[in-house]
Structure formats: C-alpha cells, structure tokens
Amino acid sequence: MKFKAIVVDIDGTITCENRELHLGAVKKIRSLKVPVVLATGNILCYARTTSKLIGLDGAVIAENGGAITVRYDLNGTFEESLEECENAFSFLSEHFKLTKLDPFYRKTEIALRRDFDLEKARTLLKTQPFDVEMVDTKYAVHIKSTRINKGEGLRKLAGMMGLEATDFVAIGDSANDVELFEAAGFGIAVANGDEKIKETADYVTKASFGEGAVEAFEYLESKGWI
C-alpha cells in the first residue's frame, strides 16, 4: 500500500492546544517526500497563509470543502451555497443571539461563535426546508450546505492535481473530518480527536495535537506508505 499525498487538518491537528502551529509538526511536514494539502473549516486566506508559512505549494481546502485552490491562486474556487446558509441564519436568529465569525471573508458558509444551544438549534432547523446542516468543529459552529464537505473538496482538488482522493492519507481531529476520511485512502485521527472521528479512523495516535500529527507521519513512514 503506497499513498501519493497527504491531506491534513490545521486547528487541533498540526497546532498546539493553544492553536499555535506546532513547530515539530511543521518541521516534519517539510521533510516529507509527498505533497501535503491543508484542509480546514477556516477561511481561504487563513489556509493559504498557513500553507505559505509551512512552506507548502498552496493547495488547500477551506470552509469545510466550499473553497479550494492550488498553488496560491488568489481567486480560488467557491461553491454557490452562501444564500441558503444566510436564510437559515436569519431563521435561527429569531430564536438565538448568534455571532458570526469572519463574516466578510466567508464565501460559502457561515461560522458562529459557540455560545448558544446547538442541539436546540439543530432541532428547530429540521422544521425548515433549508438544505443545510450545523457542524461543531470545537472552534466554531458552521452552517453549511449538506452538499459540501471536506471529502467532496478533496475529490475536486485531487482531480485538479491529477490524483484520486484515495491516493491521499487524511489526518484530522474533528467531526468535520469524517467525510475527508471516508474519501481518502486511509484516515488517521490524533488522540485529542472527538469520538466520531476516532470511530471513522483507520488508526488513532497515542499523542495529541501536533505531537499526534508527528506520530502519524512517522507511522506512515515506518510502514513505507509514503
């Protein structure tokens, strides 16, 4: 079994617990012999900047698969999904005091501060015809189209790179990485990951956060898979 590339989440996976980039993980990524793609629920400019700081070539999946780009394309490719998310937000705002995060930068979804009753909001949303879902990444709650996820983003980006999604190993920590793991050829969850992603993973590290990512890369190398 040999893989041609790696796709890795950022926050909670290659960071420290305080969200600083884990320098050991950065150093290890720079030593890898295969392409590394970053996949995040965060905005495109954040993902692109992180890729640049690490020293990668700029291929990223952002906004949970809604935005993708290769090689620092300043325009990026965005899904047409924001309008329905806005409609769902307007409905939920009648019942909760909601705070948008990065409202001027998000193009395909809405991210919210985690300070409201998420389960109640999900129940209310089911009474409406919106084709959206709410995903808690532990850093924000995302209102996103059900058609969009990191797995779909990986399939599109892989095609742009001349690869298949199954050519990738995926590494992550959160519920929004589940579809990424399902699309990729192999999935590794870091130890701080939530139960849903651990259940989906093919391998779970003993270490957490950036140390877990280093362990994941070394595990793949020890198997001769990258």
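The values are calculated or read from the model by the stated rules, or taken from the named source; none is laboratory data. What you are looking at is a predicted structure, and each value in this text was computed from that prediction instead of being measured. With ideal geometry, Cβ positions are generated from the backbone for all residues, glycine too; neighbour counts draw on all protein chains shown. Note: accessible area is taken over every heavy atom of the protein model, side chains too, but ligands, DNA and RNA are not part of it. Shrake-Rupley method; radii C 1.70, N 1.55, O 1.52, S 1.80 Å.
Counting only Cβ charges, +1 for Lys and Arg and -1 for Asp and Glu, the dipole size of region 122-226 around its Cα centre is about 380 debye. LYS97: net charge of surrounding residues, Cβ under 15 Å, Lys/Arg +1, Asp/Glu -1, itself excluded? Net charge around LYS97: +1.
Multiply the residue gap between THR166 and LYS126 by 0.36 nm, knock off their C-alpha separation, and tell me the result in nm, one decimal place. Let's see the in-between values first.
On the way: separation 40, 0.36 × 40 = 14.40 nm, distance 3.30 nm.
Separation in residues times 0.36 nm, less the Cα-Cα distance, equals 11.1 nm.
The solvent-accessible area of THR49, taken with every protein chain present and a 1.4 Å probe, is close to 80 Å². Shape summary: region 40-159 maps onto an equivalent ellipsoid whose semi-axes, from the alpha-carbon gyration tensor, are 27, 14, 11 Å in decreasing order. With kT/(6 pi eta Rh) evaluated at 20 °C and eta = 1.002 mPa s, and Rh the Kirkwood radius from Cα pairs, the chain diffuses with a coefficient of 123 µm²/s according to Stokes-Einstein. Of the trypsin sites (Lys or Arg not before Pro) in region 76-110, the ones in a loop by DSSP (not H, G, I, E or B) with at most 14 other beta carbons within 10 Å are LYS97. Taking 0.36 nm per residue of separation and subtracting the current Cα-Cα distance, fully stretching the chain between GLU83 and PHE116 would add 9.7 nm. Excluding ligands, DNA and RNA, the accessible surface per residue across the chain is 46 Å² with a 1.4 Å probe. The length gained by stretching the chain between CYS16 and ASP102 to full extension, at 0.36 nm per residue less their Cα-Cα distance, is 28.8 nm. Coupling constants for region 16-22 follow from the phi torsions by the Karplus curve (6.51 cos²θ - 1.76 cosθ + 1.60, θ = phi - 60°), and in residue order they are 7, 4, 8, 6, 6, 4, 7 Hz; glycine and proline get x.
Along region 174-182 the Karplus relation, 6.51 cos²θ - 1.76 cosθ + 1.60 evaluated at θ = phi - 60°, assigns HN-Hα couplings of 10, 4, 6, 9, 4, 5, 4, 5, 5 Hz to successive residues, with x for each Gly and Pro.
Mind jotting down the distance between the C-alpha centroids of region 144-199 and region 4-66, whole Å? Each part's Cα centre sits 13 Å from the other's.
Considering only the other residues whose Cβ falls under 13 Å of the Cβ of SER31, what net charge follows from Lys and Arg at +1 and Asp and Glu at -1? Here the count lands on +2.
Using only side-chain charges placed at the Cβ, +1 for Lys and Arg and -1 for Asp and Glu, the dipole size of region 85-163 relative to its Cα centre rounds to 240 debye. Values of log10 I(q)/I(0) for region 166-226 across q = 0.15, 0.30 Å⁻¹ run -0.36, -1.28, by the Debye formula with one identical scatterer at each alpha carbon and no solvent. Given LYS2/LYS27; LYS126/LYS156; LYS52/LYS198; LYS150/LYS196; LYS2/LYS107; LYS97/LYS126, which pairs have Cα atoms separated by over 24 Å? In this structure, LYS126/LYS156; LYS52/LYS198; LYS2/LYS107 lie more than 24 Å apart at Cα.
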